[in-house]
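Reading through the structure tokens given below for one structure.
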Amino acid sequence: MPLSEPQKRHLRKLAHELKPLIIIGNAGFSEGVANELELTLEHHELIKVRVNAGDREERDAMIAAILDASGAELVQRIGHIAVLYRPAKEPRLKV
């Protein structure tokens, strides 16, 4: 479900006040992180993820792996922080 630009703009506005709920360290994107990401997305729908990787290419690869594993949409990425959105089974946010 690709998001339109007005939808992304709305979600960026909602995410502005959020703190990162998932922090991925140097160990990378593991199965445990994937499970926690799944639970967090189902509960919150809109989350920030902090990716602590060495260089930009590594961060890009980790974010791509996160998106593939979770089925979430990338709303915004600034530096080490990525904002992800995936509607829950019973959506709470109106997009």
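Here, each number is a calculation from the coordinates, and none is a lab measurement. Everything quoted here is computed from the prediction, not taken from an experiment. Here Cβ is always computed from backbone atoms with ideal geometry, including for glycine, and neighbour counts include all displayed protein chains.
For the chain, lysine pairs with C-alpha atoms less than 13 angstrom apart, excluding pairs fewer than eight positions apart on the same chain, total 4.
Fewest-first ordering of Val75, Val95 by other beta carbons within 10 Å of each residue's beta carbon gives Val95, Val75. In the chain, the DSSP-assigned H stretches of four residues or longer account for a calculated mean residue ellipticity at 222 nm of -13500 deg cm²/dmol, using -39500 (n - 2.57) per stretch and the full residue count as denominator.
The local environment of Ile23, defined by Cβ-Cβ distances under 14 Å, has a net charge of +3 under the rule Lys, Arg +1 and Asp, Glu -1.
Of the GluC sites (Glu not before Pro) in the chain, the ones in a loop by DSSP (not H, G, I, E or B) with at most 12 other beta carbons within 10 Å are Glu17. When only the Cβ of Lys, Arg, Asp and Glu is charged (+1, +1, -1, -1), the dipole of the chain relative to its Cα centre reaches about 560 debye. With 0.36 nm allotted per residue and the present C-alpha distance subtracted, the Leu3-Gln76 stretch has 25.1 nm of extension available.
Ellipsoid semi-axes for the chain, based on the Cα gyration tensor and the rule √(5λ), read 21, 15, 11 Å when sorted largest first.
Across the range 5-85, Cα pairs under 8 Å and at least six residues apart give a relative contact order of 34 percent.
By the beta-carbon count within 10 Å of each Cβ, the least crowded to most crowded order of Leu18, Leu39, fewest first, is Leu39, Leu18.
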